[in-house]
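Right, one structure below, let's go through it.
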Amino acid sequence: MSIMENDATLSLLAFDERSSKGCRTLRDLESGQVGLFQHDFIKIINSTAFGRLVDKTQIFVTSSRRKSTVRNRMQHTMTVVANTIYTAKRLGLNVELAAAIAIGHDIAHTVYGHLGENVVTMCTGVKFCHNIYGSILAQYFEPLNLSYETLSGIYAHSFKDVLAMPNDITPEGILVMYMDVIDWMAHDPDSLIEFRVADLKWFPNVFRINEWSAKDRTSHWTEELIRESLEKGRVSFLDCPEAKEFWSAKTLIYSDVYKKLDHRLHKQALIDIFEFLQKRLVGKDPVIAFDMMTDSEAMDLEQRMRNSYGKDIDLSEYSFTRLLPDLPDGQENWIDFRDPDLGWGDVPENARY
Ligand SMILES: [Fe+2]
């Protein structure tokens, strides 16, 4: 008996599409030819926000180094999708739902990665999180009318504590949370070493830096997640010795590796850009602009601001400015960036598709 057949007999409880809370507004599922979650996947992969991930930071700013080799947010997303599909199949979960959450999980990531999020938080005084904004973006600014389960999975993917996730989070949502961390934990060390910003000695043994590729690390941790999940009967990667080692290594690389990286120049550039957008964008929200901007656009803007103090810059030349909705009646602070606005999922009459 193959491993795949063996796992199938022990599969977890997959989320059943027929139990979905549906979409915010009625959706035409094209005569039932495409399932609800497959439709979510297709909408996300065709969206403008998704396409821009190819020029957004995963770990290094995409245009500042050898662009062909530095990993971008799109590559990260696609490996998360592939590994999520594989793992969901092994666990007997709903593969279409897991894939839809995985493809959308970082759809609203800011320019320059987490540094961009920190700058928005600093400049606005309101904590900005890409997972919450992902749910807002997909409902309002590029309305994709996704299912509740896909949106709640996007929202919850950054919660590293399963108990802190919404009560109705699906097992597929929990799986994407784990596969996301496994992916960057597997790949980041290689990028940091390749670009000589980290030393081999900084990484604990769990990474097997000289022996394993990123794919080896992903496979190792994924197999352990599958083993623990099948033993417990729910998606889990917390208690087996490999999981404990994994989470303590994650804490360690935050304190011993990421904190040593010098982001000062990029941070100051982003603050200048944000303040410039606040001044120059009339009737538009600078936060949405900042989130839609790609790394190349930010680099170009920074350069031109430095050369001319911004005098000759026509913002309409930048494609991100053409994607922005108008502020309603000139109101500022019209969006609560702390609220994923998923309350409609609890109202049965809205649950339709
Ligand atoms: Fe991610």
Task: Residues of segment 208-247 satisfying the condition of being crowded, with 18+ Cβ neighbours inside 10 Å, more than 17 Å from Val162 (Cα to Cα) and acidic (Asp, Glu) - done: Glu224
Open item on the list: Condition first: touching a Phe, Trp or Tyr at 6+ places or on another chain (Cβ under 7 Å), away from the ligand (no atom under 16 Å from the Cβ) and farther than 18 Å from Ala269 by Cα. Now tell me which residues in segment 82-127 satisfy that.
Closed with: Asn94, Glu96, Leu97, Val126
Open item on the list: Whether any residue in segment 55-76 is among the hydroxyl-bearing types (Ser, Thr, Tyr) and modelled with pLDDT of 90 or more is what I want to check.
Closed with: no
Task: Ser19 surrounded by fewer than 17 Cβ atoms within 10 Å (Cβ to Cβ), at pLDDT 90 or above, more than 16 Å from the chain's Cα centre (by Cα) and not aromatic (Phe, Trp, Tyr) - done: yes
TODO: Count, please, the residues in segment 129-162 that happen to be aromatic (Phe, Trp, Tyr) and within 16 Å of the ligand (Cβ to nearest atom).
DONE: 3
Task: Exclusive hit being within 16 Å of the ligand (Cβ to nearest atom), modelled with pLDDT under 95 and surrounded by fewer than 21 Cβ atoms within 10 Å (Cβ to Cβ), set Lys260, Lys250, Lys201, Lys279 - done: Lys250
Task: Selection status of Trp334, closer than 28 Å to Ser158 by Cβ, in a helix (DSSP H, G or I) and outside the structural domain of Arg52 (by TED's automatic domain parsing) - done: no
- [ ] For segment 163-188, name all the residues that are touching a residue at least 24 places away in the same chain (Cβ under 8 Å) and away from the ligand (no atom under 14 Å from the Cβ).
- [x] Pro166, Asp168, Thr170, Pro171, Glu172, Ile174
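The values are calculated or read from the model by the stated rules, or taken from the named source; none is laboratory data. The structure displayed is predicted, hence computed values, not measured ones. Don't worry about glycine lacking a Cβ; one is built from the backbone with ideal geometry, like all the others, and counts go over all protein chains shown.
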